[in-house]
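What follows is a set of notes on a single structure, which appears directly below.
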Amino acid sequence: MTSQRKPVLIVGAGPVGLLIANGLAANNVPFDIVDKKTGPSSESKGLAINISSQSAFKLCGVNDPIGNSGCKIKRLDIHWNRHRFSSINFSHLSTARNYLITQPQWVTEQELINSLKIHVRWSHELIGLQQESSGVVAHLQTEEGEVSEQYEYVVGCDGKYSKVRSYISRDEEFTQYDMHFVLGDFQLEQQVPRDTVQYQVFSDAFFILVPISNELTRVVVKYDGPPPDRPVQSADIVDYVNKYTETPLIKHNSNWISRAPFYNAVSSRMQSGRLFIAGDAAHLFSPIGGTGMNTGFQDAINLLWRLTYLYRGYASRALLNFYEEERVPANRSGMITADINTKNIADVSKAKEFIDAIAPVISNRSNLRFNLPAAISGYTYTLGSIGGHPDRVGHYDSALCDYILEHKPNQKEPHQFKHSLLINESDINRETSNRVVEQCLSYGFIDVLIIEADEKSIIKQHLQDTYTLLRPDGVIELECCHLDHNFIFDYLNVNYKANIDSAIEDKQSENGLLAL
């Protein structure tokens, strides 16, 4: 490792790349972020920021508020032939936030740039990469000419045509549909609720209305077949929608409009050596359900805490290998869900199971009040079991995450990535509790929160055992009862401390990354 080599290069200053940049900055990990564009995007593109992503922003140290000018979506309404058939309401969720945020992607990007105190290096295009034993050489085309710079790791957040992905894998799992969508941002002639997304479904068509500001609504329509070989026009949406409304809903041209085929794609690889990809570089989903950008945020925080732990010396490079192992199956799961939702909405006549699942009947009460809102909010995100441990291990727990954000012990460094051990003190005595706390704090990367025996809190409903260990991304890593507290330390010693001890002699003092 040389003094000229920085720890991380982020390629692409879209929402995912900017979130990674914010997280690294909050944890004092040096990095560069480059983008081939000349400046911030003006594209509207991705919209929805789900509830778990809002928590991820806070966990990643985004200090400035995100979504203040957007719409707070509290409900999704499904209409059949102009009549409301069913609703998915987020108000029943027992979380600190019970709404999605919808706003143009360029607004989200600008808010993340404003929160980031380090400048994006615009007009820097990645044209080549060269992996070496101790780092990566990145070849960049700038306005002044070609330059070569050295980094420990490169993270590609460079979208559908990712240059970084071409050095990792060209293999994708792909699902394409015989249809395309046209989407645009319009001022509507009729007032529609600004806290509700409307799915307007007909026997031969559907369109979606998504409020994105006080004035603008994103309108998405579906056409059969591939996109035509001509420029997209506002009339492609205006004429389509007005055909299915009793009075004209749209009269004006769009503020922004685009067109693309319907498809899902997931990369089979997300890592090769010191190269990683995240966001649209790793997966692209149908717009039905609004999962694409949020899945990218899940990629971001999963990789972020690993890079941070490596930089601080909490773990070896082996920790990074689990990024691909966890995220590829999670993204495949997201593709399956997007595929099912797309087929259901695109042809309701063949979607009996879908209709049955959202029908407003007593047997669906739990599904409509809790299951579907939780899934759309990102709260059913799971990685499966971690290290062979069953039950809730590997699941993201929103309530525990909110509790940690509210009660984080070290307010001087509120956004430093650390594990959190929650102790349900009603199960153990104070002496044992103190001993466990002391030993956990000795690791340096664990915050301990004790739930008092007499505390009346909804959080106790989420503590199924005495000890619950959460990763920095809000995923449950370990649970055990009061009789097994030594199991916690055995697990930490094997998965973290042992890795540190084996790597310590290779640590380079001038930077702090473990060069293994």
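Within the range 405-444, the set of residues being in a loop (DSSP other than H, G, I, E, B), out of contact with any strand residue (DSSP E or B) (no Cβ under 6 Å at 6 or more places or on another chain) and modelled with pLDDT of 80 or more comprises Gln416, Phe417, Ser442, Tyr443, Gly444.
Out of curiosity, is Gln198 in contact (Cβ under 8 Å) with a residue 24 or more places away in the chain and surrounded by 15 or more Cβ atoms within 10 Å (Cβ to Cβ)? So Gln198 fits the description; yes. Based on this model, can you work out whether Pro65 counts as in contact (Cβ under 8 Å) with a residue 40 or more places away in the chain and surrounded by fewer than 24 Cβ atoms within 10 Å (Cβ to Cβ)? Criteria met by Pro65. When Phe206, Phe262, Phe174 are checked against the criterion of being in a strand (DSSP E or B) and touching a Phe, Trp or Tyr at 6+ places or on another chain (Cβ under 6 Å), a single residue qualifies: Phe262. What are the residues in the range 190-218 that are touching a helix residue (DSSP H, G or I) at 6+ places or on another chain (Cβ under 9 Å) and of a type in the set (S, T, N, Q), if any? Within the range 190-218, Gln200, Ser203, Ser213 meet the criteria.
For Phe354, the conditions (1) part of a helix (DSSP H, G or I); (2) modelled with pLDDT of 80 or more; (3) surrounded by fewer than 18 Cβ atoms within 10 Å (Cβ to Cβ) all hold with the exception of (2). Quick check, is Thr108 touching a residue at least 12 places away in the same chain (Cβ under 8 Å), among the hydroxyl-bearing types (Ser, Thr, Tyr), surrounded by 15 or more Cβ atoms within 10 Å (Cβ to Cβ) and outside any strand (DSSP E or B)? Yes; evaluated as a whole, the condition is true for this residue. Among the residues making up the range 496-516, those that are surrounded by 15 or more Cβ atoms within 10 Å (Cβ to Cβ) and at pLDDT below 85 are Lys497, Asn499, Ile500, Ala503, Lys507, Gln508, Asn511, Gly512, Leu513, Leu514, Ala515. Within the range 202-218, residues that are buried (at least 16 other Cβ atoms within 10 Å of the Cβ) reach partners that are among the hydroxyl-bearing types (Ser, Thr, Tyr) and part of a loop (DSSP other than H, G, I, E, B) with beta carbons closer than 7 Å, at six or more positions or on different chains, in the pairs Ala205/Tyr244; Ser213/Ser69. Within the range 311-358, being within 23 Å of the chain's Cα centre (by Cα) and over 28 Å from Ala282 (Cα atoms) holds for no residue.
The values are calculated or read from the model by the stated rules, or taken from the named source; none is laboratory data. Note that the coordinates shown come from a computational prediction; the quantities given were computed from them, not determined experimentally. No Cβ is skipped: glycine too gets one built from the backbone with ideal geometry, and neighbour counts run over all protein chains shown.
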